[in-house]
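Worksheet: one structure, shown below.
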Amino acid sequence: MSKRTKIDLSAIDLEKMAEKITDQPGLLPYAHQAGSALIKPEDKGKITGKAVAAMHSQTDMQMAQIYAQMQLLADQAKSIQQRVEISERIYLADIRFEPLINHVYYLYLREDGRDFLSMVSPQEWGRKKPYDEFVAKIRLLADHTWEIIREDN
């Protein structure tokens, strides 16, 4: 027969033991059997830090894309504004022919300060030039605005 030792019930913390007993062992924060999988609590700060870093990376990329789109729109608006400005200047110029869509023409400034439109390029004039300054090589677009192909800088 084995020797039995008496259990001192006053030394047992029944509340602590009650924490280790449950009807739903899958909800315990530790393995409930010797052969159970190891359960490690996650570092919530580490998880949050990774999530915040990923969120910033993703939103920074999206903001860069939006900025590039805004830059493209601003460039397009500037191009349209330049077309309007040169078109207004051309329609106030001396034009002695009917310009055709998609044809290239040349805008010149005379000595008297008036603009005129010509089909003749600066290289084709020869020695005697009827202009003081070459302004731009231009093309008439379908919407009757003018596109600057090359400006004299």
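Of note:
- Extending 7 Å from the Cα toward the beta-carbon at both Thr59 and Ala11 defines two label points whose distance is 5.8 nm.
- As a proxy for reagent exposure, ranking Val84, Val135 by other Cβ atoms within 10 Å from fewest up yields Val84, Val135.
- Each label was represented as a point 7 Å from its Cα along the Cα-to-Cβ direction; for Asp132 and Leu72 these points are 4.3 nm apart.
- A straight chain from Ser121 to Asp94 at 0.36 nm per residue would run longer than the Cα-Cα distance by 8.1 nm.
- Point-to-point label distance, Asn102-Ile148, nm (Cα→Cβ direction, 7 Å offset): 2.5 nm
Read the figures in this text as sums done on the coordinates, not as results from a lab. No experiment lies behind these values; they were computed from the predicted model shown. Note that we place each Cβ from the backbone using ideal geometry, even for glycine, and neighbour counts take in every protein chain shown.
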